[in-house]
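Every number in this text was worked out from the coordinates using simple rules, so none of it is lab data. This is a predicted model, so every value here is computed, not measured. For neighbour counting, all protein chains shown are included, and Cβ atoms are generated from backbone atoms with ideal geometry for every residue, glycine included.
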Amino acid sequence: MVEQNLLLLLVLTPFVSSLLAATLPVGSRNAETWLAGLTMVVELVILVVLYPSVAEGGRILGTFDWASSIGLDLTFRIDGFAWLFMVLVAGIGLLVLLYARYYMAPEDPVPRLYSFLLAFAGSMAGLVLSGNIIMLVVFWELTSLISFLLIGYWYRKQESRDGARMALVVTATGGLCLMVAMILIGQIVGSYQLDDVLTAGTKLTEHRLYPVVLILFLLGAFTKSAQFPFHFWLPNAMAAPTPVSSYLHSATMVKAGVFILLRFQPALGGTDAWFQFVTGAGLVTMLMGAFVALFKHDLKGLLAYSTISHLGLITALAGIGTPLAMIAAIFHIVNHAVFKASLFMAAGIIDHETGTRDMRRLSGLSRSMPVTAALAIIASAAMAGVPLLNGFLSKEMFFEATYLWNNGSPLDNAAPYVAVCASAFSAAYSLRFIATVFFGPPATDLPHPPHEPPALMRLPVFLLAGACLFIGIMPQAALGDWLESASMAILGPDLPHFSLKVWHGLNPALVMSLIATGLGILIYLSSRRWIDRGEEGLRLLRRLDFGRGFEQGLQLLSQTLPRRFLRVISAPGLQSQLRVMVLMGMAAAYFALGPLDWNIPLPQIGSRELVFALLWVIGGACALGAAWQAKYHRFAALILMSGAGLVTCTTFVWLSAPDLAVTQLLVEIATTALLLLGLRWLPKRNEEIAGDDNLRSRVRRFRDLLIALGCGTGMTAIALAVLLTRPGNSVGDWFLRHSYVEGGGTNVVNVILVDFRAFDTFGEIAVLAIVGLTVYALLRRFRPAPESVARPRPQHEAEEQALEAYLFVPAILMQWLFAPIIAIAAYLFFRGHDLPGGGFAAGVTFAIGLLLQYAATNVRWVEARLTILPVRWMGTGLLIAAAVGAGSWIFGAPFLTTHYQYLDLPLIGKVPASTAMLFDLGVFSLVVGAIVLMLIAIAHQSLRVAPRSRPSDTEREG
């Protein structure tokens, strides 16, 4: 149990620290650095504690109930491979956070950066430790979202916004493909648990859907790990701050793609399709990235394409899939993370101290920055695969994996040659980085005179460069046990023998390495003239940059095609557009429901049914009259609409649904009152258009009548079919049996709303709050047109006195009704759990009382005596509802689990008490706040016609 809780802490701790970091003030980088650094130290300490349990093939599994009925649980799982990956996430994350402390300026919004970095680390932890493949995809998409925020950190720069958008679109689209693939895998295997999927064996690879699953899975992995042809987003992500680039390229984000390739290779690999797609894409990406990197002038651009190349190397190893290739892939993930993080930090130091990353302006920095130069040279040599450095060892293993016979296909035969060629370009761009930046004459046109950075800013680079040397000289002592544990987690206990030694004798892998290094030197020396000509002179580079094609495709999908489609289907005016939508909905319903058997037995018709039909004849007449009168008299149309609403209310009573009847009646009153307040501000009708009763107008109205009748008839048929063909035992019978036993109430409808389906109700009141705020935000900017129908103003004092006398009695009556209405609201609230009523009905009733006061008297007069702060009412309602739901966690129960019992009160006796009543109180408060907020928005329009005075407390709250 302790280990399971530690697993949960590994995922949750970065997210909690992220929230704390976001609250820190801007201006000091120390508090957030300590917070983030301690978070990463805690992560590393937990990993140290867990290592004995995952060594030699062990694993830890922690499952927390979530949605067990559909096979979805919060499952976290750590083995040797996940442990090693988490060490990279936390270890390099700690160094990046320390580096960011000195790279960022005090006036930068550093808390936001640290908050995003910590959330990014938490997302990677969730992805790596997920034991459920659906949960893995959730964290996968979360990394895409947070990387969008990190890449767009300098959001005022166009290149940052463009790079962030490109990264999000590409990786999130791949994530959607991965989601579909995981759903299909779960259906094929019969489980969404990662352990079950990894042990599925041939059940996946021999299934008829395997090609579809493989393509969707690889689309997700290739987009995240920037494999060709999806590589273009990664160089554009260089608009992010250098600490972000260092973290993203070394231990997170792009490594997630190769992580799932290696993780799922035992389940999806071992087929010709896997070899052809994965190895082919990896080799092409490796060669292309290395070639383009050679001609890049921006330091981060060169390192970005080198990352693409090395990701292609790891992908090719995953595609080969032999035990040696898998071990080499894991080994190179670690090596690449170490030297690439140090190189990005060194590039950031150069940019920070000189003011430029343009290699055409940099030269001779070894004189002014000797320590930084030495560290960067070590990391660059490791990237090139120079002996006695860590990159040399994993690249030798890569050469050996490509040299050995795999399947004899043309791709397999070409793999060693492509590997040597790509490694030659890798050596060439590494040599160019060293020779151009650190040697040669001193630079003369730098924005700032170069000098060494603070020692603590250089410390992370020093530690990583030292790790390159330590692993390269003593690989077995540095990484042997960890690599063995990680390899056993992928390949199983029957791990083939491998040796991490510097010297294996003169073998083909060493010869290939020497050839690649020699060719790299020749390529650099012979291509310096081409490089000096600049990127603009190389047509191939422009063809390999798919970023322009992406932008054109995005513009085509987001602007050109929608505009053309809109021109085809759109029509002028809101009414015409609604007509198109309704017709499309009718057509979709016809094609979906047309093939069904509609032989529905009709009920027997008696006198009771005839009376009910007569009732709806009245309701239909009111509806038709409202539609007709809307052309001539809006007030009459509103009265007729209310008549149709009352018929609906009577229908609910007729069909024994008193709760619905009460709610319908109250909502009808509230909406009618709000519409009455708003009618004054509608523009005046054009009498000529209103009186135009020609043939064209009649045809249009008749057409709309037919559409309305078609929709209404269709909905009636669907409702009738559901009612007459439902099974004998429905879910309603279950609610009837369990309402009192499990919910403590006899009003089944209210028990469903505040107990059985309280989470739905919580979501609905949240939506109501959003609607209320939206209506207010729209109406507060609304200014009545001069020709709108404002309240008539008396022209003479005598007329004004007569009007006041005429309105005196209704105003007094409405004021006297306020107290009885409040009493009715309380009555409905307290009886709601056992009789028709509840928090929603009580809230609407309370709001109606306030509506009457606004309608009968002056707005200022009401607000001077009744201070209602609607936003606070809404916020209080949401907080009460959420607190009631979260309170169940204290007792180990799911969210919004209710408790009820009878209380023995003095002089009263036993009374029922339930936590659902507190939840209903939250509903009541929010409903009152939302309706009053909309009321304030409408009522205060009258104040904007006259000169404004000091706003009241209620208006300021709105």
Long-range HN-HN contacts of M359 with modeled amide H, under 5 Å: D298, L299
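When the helix-only estimate is applied to the chain (DSSP H runs of n ≥ 4, each -39,500 (n - 2.57), divided by the residue count), what is the mean residue ellipticity at 222 nm, nearest 500 deg cm²/dmol? Show your work: numbers first, answer last.
Numbers: 41 runs with 677 residues, N = 958.
Estimated from H runs of four or more residues: -23500 deg cm²/dmol.
Please order S527, S115 by the number of other Cβ within 10 Å, starting at the fewest.
Details: S527 16, S115 24.
Ascending Cβ contact count within 10 Å gives the list S527, S115.
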Residue pairs, from the table K157/K224; K157/K395; K224/K501; K296/K395; K224/K300; K224/K296, whose Cα atoms sit over 27 Å apart: K157/K395; K224/K501
J(HN,Hα) series, region 416-424, from Karplus relation 6.51 cos²θ - 1.76 cosθ + 1.60, nearest Hz, glycine and proline x: x, 5, 5, 5, 5, 4, 5, 5, 5
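Order the peptides 509-520, 435-446, 743-754 from the highest to the lowest mean number of other Cβ atoms within 10 Å of their residues. Intermediate values should be presented prior to the final figure.
Numbers: 509-520: 18.2, 435-446: 15.4, 743-754: 22.6.
With the highest mean Cβ count within 10 Å placed first, the list reads 743-754, 509-520, 435-446.
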Helix axis angle, 2-22 relative to the chain longest principal axis, alpha carbon, degrees: 70 degrees
Burial ordering of D920, D196, fewest other beta-carbon atoms within 10 Å first: D196, D920
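Rank these for me by crowding, W140, W530, W503, going from fewest to most other beta carbons within 10 Å. Write down the numbers at each step before the final one.
On the way: W140 27, W530 12, W503 7.
By the 10 Å Cβ count, ascending: W503, W530, W140.
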Table column - 3J(HN,Hα) (Hz), region 508-522, Karplus curve with 6.51, -1.76, 1.60, x for Gly and Pro: x, 5, 5, 4, 4, 5, 5, 4, 4, 5, x, 4, x, 5, 5
Estimated dipole of the chain in Debye, rounded to 20 [Cβ of Lys and Arg +1, of Asp and Glu -1, Cα centre]: 2660 debye
Segments 261-267, 157-163, 658-664 sorted - mean Cβ within 10 Å per residue, highest first: 261-267, 658-664, 157-163
Long-range amide H partners of D73 with built H, under 5 Å: A67
For region 184-190, 3J(HN,Hα) per residue [Karplus equation, 6.51 cos²θ - 1.76 cosθ + 1.60, θ = phi - 60°, Hz, x = Gly/Pro]: 5, 4, x, 5, 5, 6, x
0 to 90° range, to nearest 10: angle between helix 323-354 axis and the chain longest Cα axis: 80 degrees
Candidate values (1) 1.03; (2) 1.06; (3) 0.98, label of the one derived for Rg/Rh (Cα atoms, Kirkwood Rh): (2)
Charge tally in the Cβ shell below 9 Å around I60, where Lys, Arg are +1 and Asp, Glu are -1, I60 excluded: 0
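Of the listed peptides 30-42, 342-354, what is their order by residue-averaged count of other C-beta atoms within 10 Å, with the highest listed first?
Most protected by this proxy first, the peptides run 342-354, 30-42.
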With Cα atoms, 0 to 90° folded angle of helix 731-743 axis to the chain main axis: 90 degrees
